[in-house]
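This is the structure I have questions about; it appears just below.
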Amino acid sequence: MLDLLPDLFDTYGDKLILLPPMFISYGKQECFWGEVVTVKCYRDNSKVKELLAQDGRGKVLVVDGQGGMDCALLGDMIAQNAADNGWQGVVILGCVRDVGTLKTINLGIQAIGANPIKTVKKGIGEVNIAVEIYGVIISPQSFIYADGNGVAISNEALDISVLNL
């Protein structure tokens, strides 16, 4: 499947909210979807690492990095751990690093930029709270759908089997 969002919006347009088109795909999986788990952090990816080390089957981690561009909240080792633990993807309002390697990891990754600098590790961050990304509220247990066309949010799981994919 190469494109998901055009067909989703054609079928379920009233149930989806599109995030502003600023996210860039960095993972091997261009197209991904799943139930949302959230983390809010700034310059500290401790909670990101902790969550992605857990079972993530059917889930997408949404990281509200508050748009910070001065360090990366996800790199190759944490991304590989996420893939190994069954996560569908990660959406980051912030940066990633190791971009060449990320393209080889079987994981959906969307972020707003890249930066080779790692974060500090202080264990700071909030998990499973509603986060706001450019005016769009994303709550735990909502659903993310992403592909090369963008990132969309729904408050309910959508039946993609009815799409002509």
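Could you grab me the full set of residues in the range 100-125 that are of a type in the set (Gly, Ala, Ser), out of contact with any Asp or Glu (no Cβ under 8 Å at 6 or more places or on another chain) and part of a strand (DSSP E or B)?
Taking the range 100-125 and keeping what is of a type in the set (Gly, Ala, Ser), we get 100, 108, 111, 113-114, 123, 125.
Then keep just the ones that are out of contact with any Asp or Glu (no Cβ under 8 Å at 6 or more places or on another chain); that gives 100, 111, 113-114.
If the condition is that a residue be of a type in the set (Gly, Ala, Ser), out of contact with any Asp or Glu (no Cβ under 8 Å at 6 or more places or on another chain) and part of a strand (DSSP E or B), then Ala111, Gly113, Ala114 are the ones that fit.
Any residue in the range 20-32 that is at negative phi and among the small types (Gly, Ala, Ser) sitting within a Cβ distance under 7 Å of a residue that is surrounded by 15 or more Cβ atoms within 10 Å (Cβ to Cβ) and part of a loop (DSSP other than H, G, I, E, B)? List the pairs, counting only those 6 or more apart or interchain.
Gly27/Ile105; Gly27/Leu107
Please enumerate the residues belonging to the range 56-99 that are in contact with a helix residue (DSSP H, G or I) (Cβ under 8 Å, 6 or more places away or on another chain), outside any strand (DSSP E or B) and of a type in the set (Val, Ile, Thr).
Ile78
On to the next question. Where residues in the range 39-69 are surrounded by fewer than 16 Cβ atoms within 10 Å (Cβ to Cβ) and among the aliphatic types (A, V, I, L, M), which of them is nearest to Lys28 (Cα to Cα)?
The selected residue is Ala53.
Further question on the same structure: Out of everything in the range 120-135 that is modelled with pLDDT under 95 and β-branched (Val, Ile, Thr), what residue ends up being surrounded by the fewest Cβ atoms within 10 Å (Cβ to Cβ)?
Checked the range 120-135; the qualifying residue surrounded by the fewest Cβ atoms within 10 Å (Cβ to Cβ) is Val120.
Collect the residues in the range 21-55 that are part of a loop (DSSP other than H, G, I, E, B) and under 12 Å from the mean Cα position of the chain (by Cα), keeping them in residue-number order. Explain how you work it out, then say what you get.
Of all residues in the range 21-55, those part of a loop (DSSP other than H, G, I, E, B) come to 21-23, 26-31, 41-43, 45, 53-55.
Passing the criteria: Phe23, Tyr26, Gly27, Gln29, Glu30, Cys31.
Does Leu102 qualify as being buried (at least 20 other Cβ atoms within 10 Å of the Cβ), under 15 Å from Arg57 (Cα atoms), at pLDDT 95 or above and in contact with a strand residue (DSSP E or B) (Cβ under 7 Å, 6 or more places away or on another chain)? Even if it seems obvious, please write down each step before you answer.
Values: buried (at least 20 other Cβ atoms within 10 Å of the Cβ): yes; under 15 Å from Arg57 (Cα atoms): no; at pLDDT 95 or above: yes; in contact with a strand residue (DSSP E or B) (Cβ under 7 Å, 6 or more places away or on another chain): yes.
Judged against the criteria, Leu102 is not a match.
Sticking with this one: Looking at the range 3-18, which of its residues are touching a Leu at 6+ places or on another chain (Cβ under 9 Å) and not basic (Lys, Arg)? Reasoning before the result, please.
Step one: of the range 3-18, the residues touching a Leu at 6+ places or on another chain (Cβ under 9 Å) are 3-5, 7-12, 15-16, 18.
The answer is Asp3, Leu4, Leu5, Asp7, Leu8, Phe9, Asp10, Thr11, Tyr12, Leu16, Leu18.
When both residues are 6+ apart or on different chains and their Cβ atoms are under 6 Å apart, which pairs have a first residue that lies in the range 92-114 and is within 22 Å of Lys40 (Cα to Cα), and a second that is modelled with pLDDT under 95 and outside any loop (DSSP other than H, G, I, E, B)?
Cβ pairs passing all conditions: Leu93/Ile133.
Considering each of Ala111, Ala79, Ala83, Ala72 in turn, give the residue that is modelled with pLDDT of 95 or more, among the hydrophobic types (A, V, I, L, M, F, W, C) and surrounded by fewer than 24 Cβ atoms within 10 Å (Cβ to Cβ).
Working: Ala111 fails: surrounded by fewer than 24 Cβ atoms within 10 Å (Cβ to Cβ); Ala79 fails: surrounded by fewer than 24 Cβ atoms within 10 Å (Cβ to Cβ); Ala72 fails: surrounded by fewer than 24 Cβ atoms within 10 Å (Cβ to Cβ).
Every option except Ala83 fails the conditions.
If you don't mind, there's one more thing I want to ask. Of everything in the range 1-28, what is within 19 Å of Leu102 (Cα to Cα) and surrounded by 17 or more Cβ atoms within 10 Å (Cβ to Cβ)? Give them in sequence order. Steps first, please.
Step one: filter the range 1-28 for residues within 19 Å of Leu102 (Cα to Cα), giving 2, 22-28.
Hits for the range 1-28 are Phe23, Ser25, Tyr26, Gly27.
The values are calculated or read from the model by the stated rules, or taken from the named source; none is laboratory data. All of these numbers come straight from a predicted model, not from anything done at the bench. Methodologically, a virtual Cβ is constructed for each residue, glycine included, from the backbone with ideal geometry; neighbour enumeration extends over all protein chains shown.
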